[in-house]
Amino acid sequence: MAGFIKFDDVDGESRDKGHDKWSDVIVFSQNFHRQVQVGARAHHMISDPVRVVKAVDAASAILLEKMSTNHIFPKVEIDCTRSYTGEGRKGFLKVRLLRCMVHGFQLTGPTQSDDVPTEELTLGFESIEFEYILAGPDGKQEGAFTTLIDYDSAR
């Protein structure tokens, strides 16, 4: 499996075919939970910011600058791929963050190795869309499931 992220108007340095100008993702995570209070009638679902760890690349300084100016990205895409056949990787999970803002930027770099420094981005958003693509053993798409959670419309 391999993961990639693309911020609108910010170019990364991925060398993966099909992800030109994206950035390579090392790991990402997302947490949803409900705030449950005793006696409460409604329980609202809460989404923590998306956390992305990626290698430092051409996008890094631009993302830090965008964070400093409170820039809102219309769309940020995360694409997870896997190999089915000799045809290469195909996407199976796509996450789209709409009206997204970089809330946190943590730089981590080893000083005594050849490893590339990494950055951990914390991304807030108004809407999040998940698309899971079903595929057969041959890698051909057999359907998809998509869900959109719009926190902006809940206000």
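A straight Cα-to-Cα reach below 25 Å connects residue 90 with the lysines 6, 17, 21, 54, 75, 140, residues fewer than 8 places away in its own chain not being considered. Normalising by the residue count of the chain, find the relative contact order in percent from Cα pairs under 8 Å and 6+ residues apart. Over the chain, the number comes to 20 percent.
Extension gain, residue 26 to residue 8: 0.36 nm times the residue separation minus the Cα-Cα distance gives 4.5 nm.
Under 20 Å from a label point set 7 Å out along the Cα-to-Cβ vector of residue 132, the amide N atoms of region 46-70 belong to 46-48, 50-51.
Under the rule a/c < 1.5 gives rounded, and otherwise a/b versus b/c splits prolate from oblate, where does the chain land using the Cα gyration tensor? Cα axes put the chain in the oblate bin. Between residue 36 and residue 145, the simple spin-label model (points 7 angstrom out along Cα→Cβ) gives 2.2 nm.
In the chain, the DSSP-assigned H stretches of four residues or longer account for a calculated mean residue ellipticity at 222 nm of -2000 deg cm²/dmol, using -39500 (n - 2.57) per stretch and the full residue count as denominator. One chain, two ends: residue 51 and residue 68. Fully extended at 0.36 nm per residue, the span grows by 4.3 nm beyond their Cα-Cα distance. Neighbour counting of Cβ atoms within 10 Å sorts the residues 93, 123, fewest neighbours leading, into 93, 123.
Give, rounded to the nearest 20 debye, the magnitude of the charge dipole that region 57-155 has about its Cα centre when Lys and Arg contribute +1 at Cβ and Asp and Glu contribute -1 at Cβ.
Roughly 260 debye for region 57-155.
Values quoted throughout were computed directly from the atomic coordinates according to the rules given, and no laboratory measurement underlies them. None of the values given here were measured: they were computed from a predicted structure. Note that we place each Cβ from the backbone using ideal geometry, even for glycine, and neighbour counts take in every protein chain shown.
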